[in-house]
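Notes to accompany the following structure.
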Amino acid sequence: MTDKNIKGISGYIMIIVQAVLFGAAGYVLSLPDLGAISMLLLFVDVVLLRGYFIVSEGNAALLSLLGKYKGTINKSGFYWYHPFRSIQKISLKDEVQMVGPWDTFAKDGVQLEMSVELRWKVADAANAYYGMSDIKDSVLSIAKETAQTLIEMYPYEDFGEERVSLRLHSTTVNHAYATALKKKLEEVGVHLESARFNSIRSLGKKRAANEAVAIAHQMIQEVDQVNQLTDSEKAGMKLQLMSLLMTEK
């Protein structure tokens, strides 16, 4: 589900409408035998009061009626909408989030402690709200999962073999991470402004070769189960993972 932007009805206009309705109710009350109609007009006027709401700067309001999404107002102001609507406010401001630290292993089996830093904001409020149970927690989970997968594709040291390593090629690794994460977050309505590994620190331990091979086999199987990837993207990821199987000792 994506945003369906709507302008919304100005709250100031509705105040004028309600003032006219209140005046009409008072006039009808002065007429003989029309007291019931006057009370009905007053009741409608009171019910309409529930329709007012404010959208603050840097926020969006998702409007739904009887459980059905009706549209998004992403411009600040004073508005009125159906009195029985539901409103969910979503922040569109920049968010800075730290993920980690946590322990993992590089491609060559070196145990690492790592953390990442993200700057992001909601770009499609409806997609983000209806597609994730909790926006901040989901972004954190996606960021950590992407970092974990990427780290296991690179060795910590290059040993003079002129290959990309985590220790010597931080710019390349950060670019690869930001590119992969940006694509994933766009699918859930979030715009990634920046992402980088805040730290990648060797803990001086190595993982057993049989453990690394088992994990690589498992990751290859998981790639086939990702429905969002095309066949060519799956093939590319499996090729990278197969290189781990070929080089692990």
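Brief remarks on what is shown
- Spatial extent of the range 46-176: Rg and Dmax, with the Cα atoms as the point set, Å: 21.8, 78
- Ligands, DNA and RNA are left out, and with a 1.4 angstrom probe the accessible area of the range 1-123 is 56 Å² per residue.
- Among the chymotrypsin sites (Phe, Trp or Tyr not before Pro) found in the range 98-162, those both in a DSSP coil and sparsely packed, with 16 or fewer other Cβ atoms within 10 Å of their Cβ, are F159.
- At q = 0.15, 0.18 Å⁻¹, base-10 log of I(q)/I(0) for the range 1-115 (Debye sum, equal scatterers on each alpha carbon): -0.78, -0.92
- Per-residue HN-Hα couplings for the range 135-148 [Karplus 6.51, -1.76, 1.60; θ = phi - 60°; Hz; x = Gly/Pro]: 4, 5, 5, 5, 4, 4, 5, 5, 5, 5, 4, 5, 5, 4
- Among N74, G100, L192 - extreme Cα towards positive end, dipole of the range 65-211, charges at beta-carbon: N74
- With a Förster radius of 35 Å applied to the beta-carbon distance between A180 and R50, the computed FRET efficiency rounds to 0.15.
- Surface composition of the range 117-161: carbon and sulfur make up 44 percent of the accessible area, probe 1.4 Å.
- Packing, taken as the mean count of other beta carbons within 10 Å per residue, orders the peptides 189-199, 7-17 from highest to lowest as 189-199, 7-17.
- Alpha-carbon centroid distance for the pair the range 113-127 / the range 39-108, whole angstrom: 19 Å
The values are calculated or read from the model by the stated rules, or taken from the named source; none is laboratory data. Remember, it's a predicted structure, so these values are computed and weren't measured experimentally. All Cβ positions, even for glycine, are placed from backbone atoms using ideal geometry, and neighbour counts span all protein chains on display. Surface areas here come from the heavy atoms of the whole protein model, side chains and all, with no ligands, DNA or RNA. Shrake-Rupley method; radii C 1.70, N 1.55, O 1.52, S 1.80 Å.
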